[in-house]
Structure formats: C-alpha cells, structure tokens
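Remarks on the structure that follows.
The values are calculated or read from the model by the stated rules, or taken from the named source; none is laboratory data. What you are looking at is a predicted structure, and each value in this text was computed from that prediction instead of being measured. All Cβ positions, even for glycine, are placed from backbone atoms using ideal geometry, and neighbour counts span all protein chains on display. The accessibility values were calculated without ligands, DNA or RNA, using every heavy atom of the protein model including side chains. Shrake-Rupley method; radii C 1.70, N 1.55, O 1.52, S 1.80 Å.
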Amino acid sequence: MYFSSKEKKLHFIYNILIHLADIVLKAIAPFNSKIKSGVIGRKNTFKILNTELRKNDKTLWFHCASLGEYEQGLPVFKKLRAHYPKHKIVLSFFSPSGYDIRKNSPIADLVIYLPMDTNKHAKAFLDIVNPELTIFVKYDIWPNFLNEVRRRKLRAILISAAFRKNQSYFKYYGGNLRSALFAFEHIFTQNESSKTLLESINYHTVSVSGDTRFDRVSSQLELNNTLDFIEIFKDNKLCIVAGSTWPEGEKMLTHYINSKSSEDLKFIIAPHNIKDGQIKQLKENLKVDTVLFTEKDEANLKKAKVFIVNTIGILTKIYNYADIAYVGGAMGNTGLHNTLEPAVFGIPIIIGKNHKNFPEAQAMIDVKGLFSVETQLEFNTILDKLIENSAFRKTSGENNSKYIKKNKGAVIQILNYLRI
C-alpha cells in the first residue's frame, strides 16, 4: 500500500490525535457516564475476544457506529446469520448508546466495543477475529482498522453509505480516510450523489442500492405490533404519537394539549430522555389526566388523555396505533430521529425545521406526507388540519406508505452481490 510523503505525515498526525483522544476520554470518564461506559467496555474487548473465540472459528464482523446504524444494517445481518449458522458473528459498536441497548443482540455471538483505532489494536483485533467478511454500515470509517483489513486482503463491504462533498474524504488533507475506503471491495450507497463523489476520488466499485432502513422498517409490518395497554388507552379515539421528543418539541405539544384537550383525542409522548426528573417535569406541565408507562397497571387508561412512555424499546410498535405522528429532534439542533418508523404505518408526520441532513424527510415533504414547522402557530395549524380533515390525513399517510414501498430493495442488491 503506497502513501505519499504528505499522506504519511497526515497519517502520523492522525495516530497522534487518536492516542490523545484515548488519553482525554480516560481522563474525563469519571465525570461522564456514557464516556465511562465506552472506556470500560473498550478495556474489556480483547479479554472477551480471547475468551469467546477459538483459532479455528469461522467469523463474520459487523461494525456499527451506534444504534441507528445497527438498525440500518439489521436486515442484512439477519440474512447473513441465517446463511452462516455455524459462523461466529462479532458485532462491534463505537458508541455506548448502541452497545448498551444491543449488547444482547440475537444476531451476534459476541457484542463488543471497537477498540481505539491504533495500528496495534487493529493488528491484535484482526489476529483474533480474522473475519471471512466484514461489513461496515453507513460511515464510522476507521483508517487503521480498514487499512489493516486491506493489507491482509480480507473481504469487506460498506453498506448504506452516504457521503457529502464537504467531508474529509474529498479534501486535500483527507488521504488517510480516502485510503481506508479502498479497503472495501464494494460500497453500496444510498444515492447517486454519493456514488459520484466516490468516483471523483477514483473509487469505482460502487453501486447505488438505496438505504437498507426502508427494508428494515418494512419488515416491522410482518411482526406482531399489538400492545394491549395501548389499545385500552387509545379506546378507538384519534391518537397522536410523539416519538423521541426533546424539550423544544415537548413545549409545543404540552401547549397544544393543554389548550385543545378533547374527549375525542389521545396523545402518546415517548421522550428521548427518560430520566426521572425530565419525565416528572413533563407530567407536571400537562394539565390533563396523564399516566406513565410505569403506572399503567394501576391507572385508569381509558380515562387518561396522555400516556408518557418512560421506557425504551416499544416506540415502533406504538406507531402502529398512531393516526398522526410527531417525530422529535428537528425542533432543536439534536438531530432528527427516525421518520421512516412511523411512515411505514401509513400515517402523516410532523417535524421541526432543522432537517437539512435528512434526505428522507425532505423526500416525504415533497410527496406531501410530512410537514415541517417552526413556530407554535405552524404546529397548531397543521395538527388541527390533520385532526379535522380525515381525507387530508388519510392521503398524507398513504403518500408516506407509498414512499417507503418505492424505496425498498437495498438488501436484495447487497445479498445478490454476496451471492446469498
């Protein structure tokens, strides 16, 4: 593998920064629970690998940055799990939010934190794992790991990749990251613009397959989405589900609920942050009968107007009961949460204004299934229209359902390439 003198210099700087980042993370870990989880988890990675893997084990390695990428890759992971039942699957995360929630994932034999991206770690990791196939999802490109994969001529692909012109891969100083991309024998992109960007750096083994998330959310329709307590709460009334909410959106929701409470309306709010203090404040801000998930067994669910989901793992099923959805994250700057999950159930969606880096949101705006708002007035206006105009509500939801169906198929392309 050839590196110019400039690329060697940048690679040297990158390695210094990685070591510094490791030192900084360890120093601040005692003061941040998420960082602490990652530091402790990475410390145990090689112990887990050495304990659970044997020299003759055949393995597959799946890597995801966090929970969102895991969900994105899951349709492909499931197919590979079924096709290679005797292989041991190693699933790695970089973020605690992915690891903590999916550390017991049934598609993997080992779930670990990816060690820091040093040459030493990359060599040690691949000495133990030696995967027959490596799959990275979307991004989280770690040069030392991937360059070592390339040096050993191991098979690797990148799926659901999405690139932007302003990323380091396409800048004069991005040689280290660019070289890592060439570790992948094939890259499957979400869109044509990503393919064009890759071709601009002379990477040509690329296909536009689309986003595997469409296959992922579509598979939800094949599952049992029944939740008895939600059926009791809904009581055949019109139901607005607000998923992954943040304080900015919750403020608008509570204002609307408090001022427009009706016998015929029910609201379900699933906050992103379910810490006791925030849940308590949210409940106190609501002036109508409100029940928490953790109170559901003793509460009169039919009487309640608002149901607050202070738990994780059931939001996708709850969207099945929604007539209208609000998805959080874009009212502030935290990042829009998953709009495809409610869209697959054929319901209209409301979001905030900050959705620039979420092309699926703009696509659903274009097909008139999703509505972006900035002010309380705009929020009230579109929600009123969706509640009062059943034909408009139905058409908007159908537009989202059609959009999901139109964009399925990425998984088939990837599996065909892998000859599965």
**OP:** Take every Cα pair under 8 Å in the chain that's 6+ residues apart, average their separations, divide by the length, and report that relative contact order as a whole percent.
**Re:** 12
Original post:
Where nothing but the Cβ of Lys and Arg (+1) and of Asp and Glu (-1) is charged, how large is the charge dipole of region 1-144 around its Cα centre, in debye to the nearest 20?
Top reply: 200
**OP:** Determine the order of E185, E298, E192 by accessible area, beginning with the largest, at a probe radius of 1.4 Å.
**Re:** E298, E192, E185
Subject >> Mean shadow area of region 1-80, taken as a quarter of the surface of its Cα convex hull (nm²) >> reply: 8.6
**OP:** First check a/c for the chain, with a ≥ b ≥ c the square roots of the eigenvalues of its C-alpha gyration tensor; if it is under 1.5, answer rounded, and if not, answer prolate when a/b is larger than b/c or oblate otherwise.
**Re:** prolate
Original post:
If you take the Cα atoms of region 272-420, find Rg, then find the Kirkwood Rh from the mean of 1/r over all pairs, what is Rg/Rh?
Top reply: 1.02
Subject >> Accessible surface of region 60-131 [probe 1.4 Å, protein heavy atoms]: carbon and sulfur percent >> reply: 51
Original post:
In degrees between 0 and 90, to the nearest 10, how far off the longest principal axis of the chain does helix 33-52 point, with axes built from Cα atoms?
Top reply: 50
Original post:
Using θ = phi - 60° and the Karplus form 6.51 cos²θ - 1.76 cosθ + 1.60, what ³J(HN,Hα) does each residue of region 73-84 get, whole Hz, x for Gly and Pro?
Top reply: x, 3, x, 6, 4, 4, 5, 5, 4, 5, 6, 10
Original post:
What angle, in degrees between 0 and 90 and rounded to the nearest 10, separates the Cα long axis of helix 119-129 from the longest principal axis of the Cα atoms of the chain?
Top reply: 80
**OP:** Take the alpha carbon gyration tensor of region 342-393, find the square roots of its eigenvalues, order them as a ≥ b ≥ c, and report rounded if a/c is under 1.5; if not, report prolate when a/b exceeds b/c, else oblate.
**Re:** oblate
Original post:
To the nearest 20 debye, what is the magnitude of the charge dipole of region 236-393 about its Cα centre, counting +1 on the Cβ of each Lys and Arg and -1 on the Cβ of each Asp and Glu?
Top reply: 100
Original post:
Of P247, N191, L221, which is farthest along the charge dipole of region 185-326 in the positive direction, counting Lys and Arg as +1 and Asp and Glu as -1 at C-beta?
Top reply: P247
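Apply the a/c threshold of 1.5 to the C-alpha gyration tensor of region 7-166 and tell me whether it is rounded, prolate or oblate.
Numbers: a/c = 1.38, a/b = 1.25, b/c = 1.11.
In terms of gyration-tensor shape, rounded.
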Original post:
Residue by residue through region 363-372, which ³J(HN,Hα) values in whole Hz follow from phi under the Karplus form 6.51 cos²θ - 1.76 cosθ + 1.60 (θ = phi - 60°), with glycine and proline marked x?
Top reply: 4, 6, 5, 5, 8, 6, x, 10, 10, 9
**OP:** Mind giving me the nanometre distance, one decimal, between the label points for N32 and K356, set 7 Å out from Cα along Cα→Cβ?
**Re:** 2.4
Original post:
Can you put R178, R151 in order of accessible area, largest first, using a 1.4 Å probe?
Top reply: R151, R178
**OP:** Compute the long axis of helix 376-388 from its Cα atoms, compare it with the longest principal axis of the Cα atoms of the chain, and write down the angle in degrees, 0 to 90, nearest 10.
**Re:** 70
Subject >> Selection from N176, S105, S200, by position along the positive dipole direction of region 86-213 (Cβ) >> reply: N176
**OP:** Return the sequence-ordered ³J(HN,Hα) values of region 160-175 in whole Hz as given by the Karplus equation 6.51 cos²θ - 1.76 cosθ + 1.60 applied to θ = phi - 60°, using x for Gly and Pro.
**Re:** 6, 6, 9, 10, 10, 4, 7, 7, 4, 3, 10, 10, 4, 8, x, x
Original post:
If each of S97 and N258 carries a label point 7 Å out from its Cα toward its Cβ, how far apart are those two points in nm?
Top reply: 2.8
**OP:** Work out the length of the dipole vector of the chain about its Cα centre, built from +1 on the beta-carbon of each Lys and Arg and -1 on the beta-carbon of each Asp and Glu, and round it to the nearest 20 debye.
**Re:** 1580
**OP:** Could you list which residues have their amide H under 5 Å from that of N310, counting only those 5 or more apart in sequence or on another chain, with H placed in the peptide plane?
**Re:** F293, T294
**OP:** Find which of A325, N357, H121 sits farthest along the positive direction of the dipole of the chain, computed with +1 on the beta-carbon of Lys and Arg, -1 on that of Asp and Glu, about the Cα centre.
**Re:** H121
Original post:
For the pair T51 and I23, what calculated FRET efficiency results from E = 1/(1 + (r/R0)^6), where r is the Cβ-Cβ distance and R0 = 35 Å, to the nearest 0.05?
Top reply: 0.80
Subject >> For region 298-377 versus region 37-103, the gap between their alpha-carbon centres in whole angstrom >> reply: 30
Subject >> Long-range tail of P(r) for region 286-354 (Cα pairs > 19 Å, %) >> reply: 46
Original post:
Hey, rough spin-label estimate for K275 and Q376, points 7 angstrom out along Cα→Cβ, what's it come to in nanometres?
Top reply: 2.6
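So with the 1.4 Å probe, I'd like the accessible area per residue for the chain, rounded to whole Å².
Working: 20260 Å² over 420 residues.
That works out to 48 Å² for each residue.
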